[in-house]
Amino acid sequence: MNKISPDFVPQLLAGMVVNFEIAAIALLIGLAVGGLLTLAKLAGGVRGAVATTLIGLMRAAPTFVVMFFLLNIIPSDATLFGVPVAPSGIMTVALSLVPYAAAYVADNGGEALRQLRDGSPLGALLFLPNVTRAFFVLVMSSSAGAAIGVPEGIAVILREAELMPTLGDKMVLFAIGILCFGITLQAGFALMRLLQRHLGRLALRTREG
């Protein structure tokens with residue numbers, strides 16, 4: 001196998017940090033937008049109908065389409081009162097993931113609010129594992145940034161793969177990337193499942209008590 005650059009692993013780890021950064025930004029904005037949509041949906045009436053429609057549209061919005069829409073709709077030199085407002089590559093990818101995050105929060109937030117209203121705060125806390133699951137999905141989806149040159153983990157792997165002379169060498173490189181992402185994400189999903197089971201047991205004991 002052709003020698004892998006000694007900088008590859010540090011660059012891959014730094015790229016994975018970018019993946020998590022993108023996911024965190026998307027989730028924070030998604031929590032705000034999804035929370036507002038949840039409240040509007042529960043309010044019913046016209047507001048509820050509009051919120052339900054928006055949630056459906058956000059749920060169906062393809063990340064790639066939203067990302068390239070943002071790239072083309074906002075000029076790179078856009079300013080507001082003389083202040084540059086064009087989003088960076090990282091922010092563009094994060095914003096493209098907001099529709100999914102907001103729809104996910106809106107779909108699951110209503111149940112959490114109902115649990116709170118019914119006097120079951122532990123039941124409402126089951127919303128946290130769901131949000132954690134969404135976060136890791138956003139981490140995986142953030143690899144779309146490779147298409148626009150964002151230096152996230154997949155982009156680092158693809159750049160290094162271009163230097164490999166054979167398909168076999170490239171496959172070994174991809175396997176290293178899959179291993180790094182796989183271990184990290186599976187550890188996160190395992191912790192999320194443990195938290196979900198723990199909260200579920202606590203909620204059950206509270207109801208039985």
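Are any of the residues in the range 151-169 open to solvent by 20 Å² or more (accessible area, probe 1.4 Å) and within 30 Å of GLY109 (Cα to Cα)?
No, the range 151-169 contains no residue that is open to solvent by 20 Å² or more (accessible area, probe 1.4 Å) and within 30 Å of GLY109 (Cα to Cα).
Report, by residue number, each residue of the range 70-83 that is surrounded by 10 or more Cβ atoms within 10 Å (Cβ to Cβ) and over 17 Å from LEU95 (Cα atoms).
If the condition is that a residue be surrounded by 10 or more Cβ atoms within 10 Å (Cβ to Cβ) and over 17 Å from LEU95 (Cα atoms), then THR79 is the only one that fits.
Name the single residue, out of those in the range 49-58 being of a type outside the set (S, T, N, Q) and either in contact with a Cys (Cβ under 9 Å, 6 or more places away or on another chain) or farther than 16 Å from GLU111 by Cβ (or both), that is surrounded by the most Cβ atoms within 10 Å (Cβ to Cβ).
Applying the filter and picking the extreme gives MET58.
Of everything in the range 75-90, what is in contact (Cβ under 8 Å) with a residue 12 or more places away in the chain and β-branched (Val, Ile, Thr)? Give them in sequence order.
ILE90
Conditions first: (1) among the small types (Gly, Ala, Ser); (2) out of contact with any Phe, Trp or Tyr (no Cβ under 6 Å at 6 or more places or on another chain); (3) touching a residue at least 24 places away in the same chain (Cβ under 8 Å); (4) buried (at least 17 other Cβ atoms within 10 Å of the Cβ). ALA40 passes all but one, so which condition is the exception?
Among (1) among the small types (Gly, Ala, Ser); (2) out of contact with any Phe, Trp or Tyr (no Cβ under 6 Å at 6 or more places or on another chain); (3) touching a residue at least 24 places away in the same chain (Cβ under 8 Å); (4) buried (at least 17 other Cβ atoms within 10 Å of the Cβ), the lone unmet condition for ALA40 is (3).
What pairs come up if the first residue lies in the range 185-206 and is over 16 Å from MET140 (Cβ atoms), the second is at pLDDT below 75, and their beta carbons are under 6 Å apart, counting only those six or more places apart or on different chains?
Close Cβ pairs (under 6 Å, with a partner that is at pLDDT below 75) amount to LEU199/LEU125; LEU199/LEU126; LEU202/LEU122; ALA203/LEU122; ALA203/GLY123; THR206/LEU122.
Take LEU28 and decide whether it is in a helix (DSSP H, G or I), open to solvent by 80 Å² or more (accessible area, probe 1.4 Å) and at pLDDT 95 or above.
yes
Does GLY15 satisfy the condition of being under 19 Å from the mean Cα position of the chain (by Cα), of a type outside the set (A, V, I, L, M, F, W, C) and within 30 Å of ILE176 (Cα to Cα)?
yes
Select from the range 180-202 the residues that are of a type in the set (S, T, N, Q) and exposed (fewer than 15 other Cβ atoms within 10 Å of the Cβ) and list them in ascending order.
Passing the criteria: only GLN186.
Assuming PRO87 fulfils every condition listed in (1) within 19 Å of the chain's Cα centre (by Cα); (2) not in a loop (DSSP other than H, G, I, E, B) apart from one, which condition is it?
Every condition holds for PRO87 apart from (2).
Test of understanding: among VAL93, VAL131, which residue is within 22 Å of the chain's Cα centre (by Cα), at pLDDT below 90, of a type in the set (A, V, I, L, M) and open to solvent by less than 70 Å² (accessible area, probe 1.4 Å)?
Among VAL93, VAL131, only VAL131 is within 22 Å of the chain's Cα centre (by Cα), at pLDDT below 90, of a type in the set (A, V, I, L, M) and open to solvent by less than 70 Å² (accessible area, probe 1.4 Å).
The values are calculated or read from the model by the stated rules, or taken from the named source; none is laboratory data. What you see is a predicted model, and the numbers here were worked out from it, not measured in a lab. All Cβ positions, even for glycine, are placed from backbone atoms using ideal geometry, and neighbour counts span all protein chains on display. Please note that ligands, DNA and RNA were not included when accessible areas were found on the heavy atoms of the full protein model with its side chains. Shrake-Rupley method; radii C 1.70, N 1.55, O 1.52, S 1.80 Å.
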